1. Any residue in segment 132-151 that is in contact with a strand residue (DSSP E or B) (Cβ under 8 Å, 6 or more places away or on another chain) and closer than 25 Å to residue 99 by Cβ?
2. Any idea which of 114, 143, 132, 137 is more than 16 Å from the ligand (Cβ to nearest atom), under 13 Å from residue 9 (Cβ atoms) and part of a helix (DSSP H, G or I)?
3. Identify the single condition in (1) closer than 20 Å to residue 90 by Cβ; (2) within 16 Å of the chain's Cα centre (by Cα); (3) at pLDDT below 90 that residue 137 does not satisfy, given that it satisfies every other one.
4. Taking segment 181-199, which residues are over 20 Å from residue 234 (Cα atoms) and either within 15 Å of the ligand (Cβ to nearest atom) or outside the structural domain of residue 133 (by TED's automatic domain parsing) (or both)?
5. Out of (1) touching a helix residue (DSSP H, G or I) at 6+ places or on another chain (Cβ under 8 Å); (2) without any contact (Cβ under 8 Å) to a residue 40 or more places away in the chain, the odd one out for residue 122 is which?
6. So is residue 46 in a loop (DSSP other than H, G, I, E, B), in contact with a strand residue (DSSP E or B) (Cβ under 9 Å, 6 or more places away or on another chain) and under 18 Å from residue 115 (Cα atoms) or not?
7. Return the residues of segment 153-180 that are under 16 Å from residue 223 (Cα atoms), assigned to a loop (DSSP other than H, G, I, E, B) and either within 8 Å of the ligand (Cβ to nearest atom) or without any contact (Cβ under 8 Å) to a residue 60 or more places away in the chain (or both); say none if nothing qualifies.
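The values are calculated or read from the model by the stated rules, or taken from the named source; none is laboratory data. Being a predicted model, the structure only gives us computed values, none of them experimental. Quick reminder, even Gly has a Cβ in these numbers, built from the backbone with ideal geometry, and neighbours come from all protein chains shown.
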Ligand SMILES: [Zn+2]
């Protein structure tokens, strides 16, 4: 058994037995890790208040390679994101980042790029509330590339000709031109505006900020496309609860 001290982001926390919680973390040193926080739901527990998703923490835990769930010993805040947020949509996008990591990443390999991407996206979202949706699209593009499924918005993946307008074919995971589309299959149109935006976004460095223009329409469709693209390449379906909440919210806003 070794003692591990690392920075981490809390992905989710679920009650376990009478008073404990099982906490899913993405750690800087060990990748995705589950820990048990014994007695965390007792009123006087030193863990209370630290285990909510969106907490950026430093943890100390006991690590045993043969165990699936490690034992949390100590936890301290580095930063809590969206602490006083009253906007459900803002929090939902931030939660969607946590949910993506929880669902996209399996196994325990450490990947510091993923950890840094999450921290940078969270910091950006928290201090640029007007660009949260765009930051989430940026996150999806980057996580896709980091996992080895970089999107190509410049050439058709069938005929290799430059793409002007593009279609996404969910059944094959390909981004293609109109000539190559088999319209028997369901296809998703990627509007020119969206293609241009993605090409720019792929090259952006978040620390320098995002382009100061926004997508005109609600971009749930772009997000759906990227999640579907990543799911296809990971080879398992991913449904994100936070996105269902967002889709309902956007629908209600449009109705009003
Ligand atoms: Zn083509």
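1. Of all residues in segment 132-151, those in contact with a strand residue (DSSP E or B) (Cβ under 8 Å, 6 or more places away or on another chain) come to 151.
Then keep just the ones that are closer than 25 Å to residue 99 by Cβ; that gives 151.
Taking every residue of segment 132-151 in turn, at least one turns out to be in contact with a strand residue (DSSP E or B) (Cβ under 8 Å, 6 or more places away or on another chain) and closer than 25 Å to residue 99 by Cβ.
2. Answer to the selection: 114.
3. The one condition residue 137 does not meet is (3).
4. Passing the criteria: 181, 182, 183, 185, 189, 190, 195.
5. (2)
6. In short, no.
7. Hit for segment 153-180 is 153, nothing else.
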